[in-house]
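Single-structure report; data block below.
The values are calculated or read from the model by the stated rules, or taken from the named source; none is laboratory data. The structure displayed is predicted, hence computed values, not measured ones. Cβ placement follows ideal geometry from the backbone for every residue including glycine, while neighbour counts extend to all protein chains displayed. The protein model used for the area step is the full one, side chains on, heavy atoms only, and it has no ligands, DNA or RNA in it. Shrake-Rupley method; radii C 1.70, N 1.55, O 1.52, S 1.80 Å.
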Amino acid sequence: MRWREFQVVPSRESAIECLRVYFTLGETVIQLAAYIRSLGYPCTVEHPIGDSDLLHVPIGLKAGFGELGRHGSIIHPTLGPLFRMGSVALTLDLAIDHPIDAGIAKFCDTCRACRKYCPAHAIPDQRTPSAGKDHLGNDRYVVDTGRCFPYFAKHYYCSICLPVCVYNHKEWARDFEGFTTKLFPQVVMEEPPAPVDPDPARRHQYLKLNRL
Ligand code: SF4
Ligand code: SF4
């Protein structure tokens, strides 16, 4: 996604940018699947905006696309976290990529920028041992979706945690097309709605899954 559209977040511009990328990325995976089928291989489109049978983030981590950040999104070492993911699933012998350790998950243990700016208080202070491991074997940070989603739904898909993340290309103060930007976004924080599932007993139960 273009960093310039996240200079004020959440905003109408940032919401439109989310949907623009969901749409164009969806078109891309559909075209990729059509090309693969034209070569004679059946495959399935796993669209980025939800009509999907798989979770893109664990696959992206296994493919070495980045590391899992405290905010629950993948952080690419140079692109940062401002992107969306779509997939095409098929059975075919391919060269295999591997998870990477670029020191990002370790950095998250001391940086708390996303947690500080999350208006819904959904980003945790500590890793949760009962929530399974990330691709490097670290205990995962568990974002409280019962707090995040009500805010996300009311405020332009929120996304504050992405542009405030220090892993962005903003140190150059311009985006990939040369557009000059601010170093840090203007963050608009409103009072959060009530959490969806405040009763801890009713929250998702995270099994001790090992996804290595
Ligand atoms: S999208 Fe907004 S509410 Fe959800 S975790 Fe990120 S900053 Fe918090
Ligand atoms: S803002 Fe800091 S703690 Fe949050 S995901 Fe980015 S690097 Fe990690």
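Figures for the structure shown
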quantity: Most mobile of Leu183, Leu39, Leu19 in a GNM of the chain (Cα contacts under 10 Å); calculated: Leu39
quantity: Rounded percent of accessible protein surface that carbon and sulfur make up, the chain, 1.4 Å probe; calculated: 58
quantity: Solvent-accessible heavy-atom area per residue, rounded to whole Å², over the chain at 1.4 Å; calculated: 58
quantity: Cα coordinate range in the stretch 1-84, projected on the principal axes (Å, largest first); calculated: 46, 27, 22
quantity: DSSP beta bridges in the chain [antiparallel fraction, %, rounded to 5]; calculated: 80
quantity: Listed residues Ala120, Ala131, Ala95, most fluctuating in the chain (Gaussian network, C-alpha, under 10 Å); calculated: Ala95
quantity: Estimated [θ] at 222 nm from DSSP helical runs (n ≥ 4, -39500 (n - 2.57)) normalised by residues in the chain, nearest 500; calculated: -7500 deg cm²/dmol
quantity: Fully extended contour minus Cα-Cα distance, from Thr78 to Gln186, at 0.36 nm per residue; calculated: 36.7 nm
quantity: Calculated Rg and Dmax of the stretch 24-147 using C-alpha coordinates, Å; calculated: 16.3, 50
quantity: Burial ranking of peptide ranges 148-155, 4-11, 64-71 (average Cβ count within 10 Å, highest at the top); calculated: 64-71, 4-11, 148-155
quantity: Histogram of C-alpha separations across the stretch 120-174, 5 Å bin width, %; calculated: 4, 17, 18, 18, 19, 15, 8, 1, 0
quantity: Unpaired by the 4.7 Å Cβ criterion, cysteines found in the chain; calculated: Cys18, Cys43, Cys108, Cys111, Cys118, Cys148, Cys158, Cys165
quantity: Overall form of the stretch 88-149 per C-alpha gyration tensor (a/c, 1.5; a/b vs b/c); calculated: prolate
quantity: Projected area, mean over directions - the chain, Cα convex hull, nm²; calculated: 12.7
